[in-house]
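Notes for the one structure printed next.
The values are calculated or read from the model by the stated rules, or taken from the named source; none is laboratory data. What you see is a predicted model; the values in this text were computed from it and never measured. Cβ atoms come from the backbone with ideal geometry, glycine included; neighbour counts cover every protein chain shown. Just so you know, the surface numbers come from the protein's heavy atoms only, side chains and all, with ligands and any DNA or RNA stripped out. Shrake-Rupley method; radii C 1.70, N 1.55, O 1.52, S 1.80 Å.
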Amino acid sequence: MNPWGADGAMKQKVALIREALQREVTLRFAYTSNNRMTTDREVEPMTLLLKGAAWYLYAYCPLRRDFRVFRLSRMTQVVVTDHPFERREHASLEEKDLEQMWNSGSRTVTMVLRFAPEARARVEEFFGMEEGQTGEDGYLTVVQTYPEDEWVYGFLLSFGDKVEILEPERLRVLIRDRAERICKMYGK
């Protein structure tokens, strides 16, 4: 699979990961975590994953001595090595296990979001048709938990005035303050 709409750098990363998977050799790259710490990694790639609109690499990481999930957009300087490896036994990729890996090492936030009817198609596309409850006014309320990082802030801001954060209050204030800074930057 090619990441749809991906830029050249992302396509190149996917191509290198595919090569490493086919040849069963390790990948080396610099990885920036949620808390902006960058480490050099050499991993044994298992598979590519697509979650929401983001691509991830599921791999065994000798540095952490465990399986890890790496977001491709946080990987730089990707190199296919000549270091072969034997595929390790690992648990099946159960959704709950992957969620723990995605969320490990980062603070999560459970959000109660209220979306305007005009955002319904995008909300259903992203969260799924089953998620959320529709009120009599047509607004859709969704409860979701995500790692709290710059991605989630940008995601919420991308809905503009079509989403209201009902909970938690702390996140509501954070997004309001960012929106005010954006308004100031553009001269209101």
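Data table
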quantity: List M75, M10, M185, ordered by accessible area with a 1.4 Å probe, largest first; calculated: M185, M10, M75
quantity: Local electrostatic count, T32, Cβ distance below 10 Å [Lys/Arg +1, Asp/Glu -1]; calculated: +3
quantity: Local electrostatic count, A20, Cβ distance below 13 Å [Lys/Arg +1, Asp/Glu -1]; calculated: +1
quantity: Apportionment of accessible area to carbon and sulfur, region 7-49, percent (1.4 Å); calculated: 48 percent
quantity: Probe 1.4 Å - accessible area at Y60, Å² to nearest ten; calculated: 30 Å²
quantity: Label-point separation, T38 to D161 (7 Å along Cα→Cβ), nm; calculated: 4.0 nm
